[in-house]
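These notes concern the structure reproduced below.
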Amino acid sequence: MTDLWVFGYASLIWKPGFPFVEQHRATLIGFHRALCIYSVRYRGSSKRPGLVFGLDAGGFCEGVAFRVAAEHVAATTTYLRDREQVTGAYRAQQRLVELTHGGGEVRALCFIANPHHRQYAHGLPVATQVQVVRASKGTSGPNADYVLNTAAHLAELGIRDSKVAHIAARLGRCPGPAEYPCQAVRPLPPGRALRCGYQRNLVV
């Protein structure tokens, strides 16, 4: 078994949860970072889904590529499958990413938003995204903390993402609880129901 590269673009940047031997800033072409996945567990619930980042089609995304040593690949892929693909809202795919500072291209494991999944939340207005994030929380804590953490770590790495920065700024200006915009978010079945019948789709 060979080493594995993993591309992180949101919480994987600041909380990877797996051992790695090196990391580099990297760019993925063809997808962009967006709050396009409803969260019914970590940052929301089935009654009040939160919003988490996914790789949505179009544009490009700057993030971090982690190299996992061969002896840890099996455990890492199992961990990531259980963390990122429990309901199938993400598709795990190998994609070429370009490492910064002339590091060349590597094929990395990326978690792409599944546009056919019930948790796909494409096209929500920014104002609605902000309302949902401010009013949601899950087993990992408030939805707003997740978005603000991502924005802060992107800024720390020197990665400019104007959309994320704009949403984070609006969240920062309006701290505290908010009313959940129920009319703007379609209801989702409980997390257990979403997981029922899930087909593992790790592509390596």
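Any read-out appearing in this document is the output of simple, stated calculations on the displayed coordinates, not a laboratory observation. The structure displayed is predicted, hence computed values, not measured ones. So basically every Cβ, Gly included, is an ideal-geometry build from the backbone, and we count neighbours across all protein chains shown.
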Please check: in the Gaussian network model of the chain (C-alpha springs, under 10 Å), which one of V68, V147, V133 has the largest mean-square fluctuation.
V68
What's the magnitude of the charge dipole for region 4-185 around its Cα centre, counting Lys and Arg as +1 and Asp and Glu as -1 at the beta-carbon? Answer in Debye, nearest 20.
540
Assigned charges on the beta-carbon of Lys, Arg, Asp, Glu; region 19-122 dipole about Cα centre (debye):
540
Going by C-beta contacts inside 10 Å, put W5, W14 in order with the fewest on the left.
W14, W5
Below 8 Å between Cα atoms, with a sequence gap of 6+, how large is the relative contact order for the chain in percent?
28
Centroid-to-centroid separation of region 86-130 and region 22-62 [C-alpha atoms, Å]
6
